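Q: Sharing a structure, written as structure tokens. Questions coming.
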Amino acid sequence: MKESTREIHRSYDELGPIQVLDDGHKRYLAFGTDDEQSCQLIRQPYLLQHEYTRAILLSLLMVEPKHATVIGTGGGCLLTTLHHILPECQLQGVELRREVARLAYKYFQLPKHPRIKLHIGDGFQYLQESEIQTDLIIADMYLADGIDQQQLSAQFIATSYKKLNQGGWLVLNYWLDHKLESHLAEALQQYFDQIYMCDTGGGNWVIYAGKTNINNNLINESKLKSLSKAAGFSLNYFLKRLVTLA
């Protein structure tokens with residue numbers, strides 16, 4: 001963050017402080033730590049700023065979702081971007097903290113639109129109890145002290161698999177300084193037919209797990225140029241960093 005960054009909002013809930021910071025060009029969401037939970041370009045709110053969120057969009061080369069679910073919405077940046085580049089897609093956000101959701105609308109320009117629904121509650125519980133089937137699950141469940149351990153559990157992987165339509169993909173944001181725990185790798189390989197990983201270059205792994213027929217063409221590179229144009233940046237950088245989980 002720039003030295004000119006100033007705090008424009010601070011509130012508290014049962015999980016601690018929630019800050020909104022602004023440097024005149026970008027707006028940041030933080031949970032009272034040095035880590036940015038969300039970052040948004042004020043004049044182009046759909047243009048993703050974090051490397052890992054940009055890498056997540058690679059999943060749109062793997063599936064053309066009619067319904068997508070984002071668990072752990074933070075400032076709503078991914079929802080805003082998906083709403084911008086997928087005009088026919090129904091979007092379901094799940095956010096643990098009601099105050100965070102309120103601030104996403106107030107400070108981060110999350111659209112109030114019929115195609116975007118927002119559920120307040122625990123993401124894993126939502127997956128277990130919801131009757132909705134989806135084409136894309138993006139899990140970005142982080143708390144002030146790091147990743148929500150539920151996202152790394154075999155039960156979460158199994159439940160995500162059940163909620164995905166055939167041809168759907170699960171996308172996980174994962175810290176690079178964590179080695180891929182064997183139980184997580186085993187759970188992914190037990191349920192999913194194809195698994196990719198991308199070192200984003202910004203301190204995160206993004207994992208893509210497909211409920212798909214591996215005999216099909218899994219990555220539609222013909223969409224790379226148009227998707228990059230819609231997103232406002234080149235996805236080729238991340239595509240080149242994509243590796244298969246052995």
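The values are calculated or read from the model by the stated rules, or taken from the named source; none is laboratory data. The model shown is predicted, which means the values in this text are computed figures rather than measured ones. Note that each Cβ is placed from the backbone with ideal geometry, even for glycine, and that neighbours are counted across all protein chains shown.
Q: Collect the residues in region 37-77 that are in a strand (DSSP E or B) and either over 20 Å from ILE132 (Cα atoms) or without any contact (Cβ under 8 Å) to a residue 24 or more places away in the chain (or both), keeping them in residue-number order. Lay out the reasoning, then the answer.
A: Pass one, region 37-77, residues in a strand (DSSP E or B): 37-41, 48, 67-71.
GLN37, SER38, CYS39, GLN40, LEU41, LEU48, listed by residue number.
Q: If a residue has to be more than 16 Å from LEU136 (Cα to Cα) and either hydroxyl-bearing (Ser, Thr, Tyr) or surrounded by 16 or more Cβ atoms within 10 Å (Cβ to Cβ) (or both) to count, how many in region 198-226 make the cut?
A: Total satisfying the criteria: 8.
Q: Still on this structure: Kindly evaluate GLU131 against the criterion of being of a type in the set (Asp, Glu) and closer than 28 Å to ALA187 by Cβ. I'd like the intermediate steps shown before the answer.
A: On the way: of a type in the set (Asp, Glu): yes; closer than 28 Å to ALA187 by Cβ: yes.
Here the answer is yes, as GLU131 does meet what is asked.
Q: Being of a type outside the set (Lys, Arg), touching a strand residue (DSSP E or B) at 6+ places or on another chain (Cβ under 8 Å) and either touching a residue at least 60 places away in the same chain (Cβ under 8 Å) or closer than 17 Å to ILE138 by Cα (or both): is that true of ALA230 here?
A: Answer is no for this residue.
Q: Suppose we keep only residues that are among the small types (Gly, Ala, Ser) and in a loop (DSSP other than H, G, I, E, B) within region 3-33. Which one would you say is farthest from GLU95 (Cα to Cα)?
A: Among residues in region 3-33 that are among the small types (Gly, Ala, Ser) and in a loop (DSSP other than H, G, I, E, B), the one farthest from GLU95 (Cα to Cα) is SER4.
Q: Please give the number of the condition THR81 fails out of (1) in a strand (DSSP E or B); (2) over 16 Å from LEU170 (Cα atoms); (3) in contact with a Ser or Thr (Cβ under 9 Å, 6 or more places away or on another chain).
A: Of the numbered conditions (1) in a strand (DSSP E or B); (2) over 16 Å from LEU170 (Cα atoms); (3) in contact with a Ser or Thr (Cβ under 9 Å, 6 or more places away or on another chain), the odd one out for THR81 is (1).
Q: State all residues of region 89-131 that are of a type in the set (D, E, K, R), outside any loop (DSSP other than H, G, I, E, B) and within 22 Å of LEU47 (Cβ to Cβ); if no residue qualifies, say none.
A: If the condition is that a residue be of a type in the set (D, E, K, R), outside any loop (DSSP other than H, G, I, E, B) and within 22 Å of LEU47 (Cβ to Cβ), then GLU95, LYS106 are the ones that fit.
Q: Within region 125-158, restricting attention to residues that are surrounded by 18 or more Cβ atoms within 10 Å (Cβ to Cβ) and over 17 Å from GLY93 (Cβ atoms), which residue is modelled with the lowest pLDDT?
A: ILE147
Q: Quick check: is even one residue across region 132-149 under 17 Å from GLN40 (Cα atoms), in contact (Cβ under 8 Å) with a residue 24 or more places away in the chain and among the acidic types (Asp, Glu)?
A: yes
Q: Kindly provide the set of residues from region 1-29 that are in contact with an Asp or Glu (Cβ under 6 Å, 6 or more places away or on another chain), surrounded by 14 or more Cβ atoms within 10 Å (Cβ to Cβ) and closer than 22 Å to GLY121 by Cβ, ordered by number.
A: Within region 1-29, ILE18 is the sole residue that qualifies.
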